[in-house]
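One structure is given here, and the rest of the page talks about it.
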Amino acid sequence: MIVEVVRSGFVESTHQARILTVDAQGLPVEARGAVHVPASPRSSMKPLQALGMLRAGLRLEDELLALACASHSGEPFHVDGVRKILAGAGLEESALQCPEDYPFDRAVTERGRVFMNCSGKHAAMVATCVVNDWPVTTYREPAHPLQRAIRETVEELTGERVAASGVDGCGAPLFFVSMLGVTKGFRAFALSSPDSYERKIFDAMRTYPEWTSGTGRVEAEIMRAIPGLMLKTGAEAFDAFVFEDGRAGTVKIEDGSMRARVPATVAALRSLGLDAPELAELAAPPVLGGGRPVGELRIR
């Protein structure tokens, strides 16, 4: 799939996308590009990481569980939630080993580890260590019991051995698996029994979409527009989603362009019959010139 950037009738740039979508039975609907080779899902893996933590004894509910899966904007309620997770484990902010950062929310000008978009995941990680009496200071190390438990969960849900591991932007381990594997893993959240950990994560993310991203973020807007959808974005333009009946998909923009990600994801959703009027502008966002629309992004 190609996402074109059109300005004044001229194709100014193009972005190539890998896309995989499957129907409610898990059968392919659309497969474009090398969806079977290892990819870098980045933060799209956070629901799977959170599942590994719940299985290891972490106890979070509702919006705090959604926050553990988040790439949040650093809004005040996000920061308060991170501090609640830490306080529940008897920990201070100094226990976090994600980098200090400014939040995505430009209204907040403070900087620190709790404002970093992955701090919810890191707070959940250290809380899991406390539950199990595991060392907190080394929780990011691949050989740590926490990361071994998470890796086992990733391999179980994706049905794949991790092809390679690396370091994510937040400093935690990053697991490389195929888009086929990520799609399979996401389907497990929607199709598991109502009392399962998978379903708890699925329900938390759908019920509190602003906690997984931010009040004005596109990811939350799409989930609000399509009730029953769980969507998680990762850096370098990766998206993974699943609908409550098992329809699911993954999107990866080859050059990592985030501006091309949303139109491609909307196209992937539409290939499964998942659409809403609110997605019309997201499918073809305007290209501006002098503050007014002079073109758009479009799918070819």
Checklist entry - Translational D (Stokes-Einstein, µm²/s) of segment 30-156 at 37 °C and 0.692 mPa s when Rh comes from the Kirkwood sum over C-alpha pairs? => result 218 µm²/s
Checklist entry - Using modelled backbone amide H atoms (1.01 Å from N, in-plane), which distant-in-sequence or interchain residues come within less than 5 Å of Ala235's amide H? => result Ser43, Ser44
Item to check | Accessible area per residue, Å², segment 150-244 with all protein chains present, probe 1.4 Å | outcome: 35 Å²
Item to check | Net length gained if the chain between Glu156 and Ser196 were fully extended (0.36 nm per residue, minus Cα distance) | outcome: 12.9 nm
Checklist entry - Gap in Å between the Cα centre of segment 168-225 and the Cα centre of segment 9-63? => result 9 Å
Item to check | Distance histogram in 20 Å bins (all Cα pairs of the chain, percent per bin) | outcome: 36, 57, 7, 0
Next on the checklist: From the phi angles alone, apply the Karplus equation (6.51, -1.76, 1.60; θ = phi - 60°) to segment 19-34 and give each ³J(HN,Hα) in whole Hz, x where the residue is Gly or Pro.
Outcome noted: 9, 9, 10, 10, 7, 5, 8, x, 8, x, 9, 9, 9, 10, x, 7
Checklist entry - Using mean Cβ contacts within 10 Å as the protection proxy, how do 163-176, 220-233 order, highest first? => result 220-233, 163-176
Checklist entry - What order, most packed first, do the peptides 6-12, 237-243, 198-204 have when packing is the mean number of other Cβ atoms within 10 Å of each residue? => result 237-243, 198-204, 6-12
Checklist entry - Helix 179-191: angle to the longest alpha-carbon principal axis of the chain, degrees 0 to 90, nearest 10? => result 70 degrees
Checklist outcome for this item: Rounded to a whole %, the carbon-and-sulfur portion of the accessible area of the chain at a 1.4 Å probe is 50 percent
Checklist entry - When the helices in the chain are scored as -39500 (n - 2.57) per DSSP H run of 4 or longer and the sum is shared across all residues, what 222 nm value do you end up with, to the nearest 500 deg cm²/dmol? => result -11000 deg cm²/dmol
Checklist outcome for this item: Inverse of <1/r> over all distinct C-alpha pairs of segment 211-259, i.e. the Kirkwood Rh in Å, gives 11.4 Å
Checklist entry - Where in segment 20-104 are there trypsin sites (Lys or Arg not before Pro) that are in a DSSP coil and have at most 16 other Cβ atoms within 10 angstrom of their Cβ? => result Arg59
Checklist entry - Which loop-located GluC sites (Glu not before Pro) does segment 72-158 contain, where loop means any DSSP state but H, G, I, E or B and the Cβ has at most 14 other Cβ atoms within 10 Å? => result Glu92, Glu100, Glu110
Item to check | With Cα atoms, 0 to 90° folded angle of helix 145-158 axis to the chain main axis | outcome: 40 degrees
Checklist entry - Along each of its three principal axes, how wide is the spread of alpha-carbon positions in segment 261-300, in whole angstrom units, largest first? => result 36, 20, 13
Checklist outcome for this item: Ordered by number, the trypsin sites (Lys or Arg not before Pro) in segment 131-198 that occupy a DSSP loop and have at most 16 other Cβ atoms within 10 Å are Arg161
Next on the checklist: Which log10 I(q)/I(0) values does segment 112-230 give at q = 0.10, 0.20, 0.21, 0.22 Å⁻¹ under the Debye formula, counting every alpha carbon as one identical point scatterer?
Outcome noted: -0.36, -1.39, -1.44, -1.45
Checklist outcome for this item: So the angle from the long Cα axis of helix 76-88 to the longest Cα principal axis of the chain, reported in degrees to the nearest 10, equals 30 degrees
Checklist entry - What is the set of long-range amide H partners of Leu297 at a cut-off below 5 Å, with H atoms built 1.01 Å from backbone N? => result Val6, Val287
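Sorted by accessible area with a 1.4 angstrom probe, largest first, how do Val3, Val37 fall?
Working: Val3 0, Val37 50 Å².
If we order Val3, Val37 from most to least accessible, we get Val37, Val3.
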Checklist entry - Taking Lys232 as the anchor, which lysines have their alpha carbon closer than 16 Å to its alpha carbon, excluding any fewer than eight residues away along the same chain? => result Lys46, Lys121, Lys184, Lys200, Lys252
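The values are calculated or read from the model by the stated rules, or taken from the named source; none is laboratory data. Please read all numbers here as calculations on a predicted model, not as lab measurements. Cβ sites come from the backbone with ideal geometry, for glycine too, and all protein chains shown count toward neighbours. Just the protein is used for accessible areas: all its heavy atoms, side chains included, with ligands, DNA and RNA removed. Shrake-Rupley method; radii C 1.70, N 1.55, O 1.52, S 1.80 Å.
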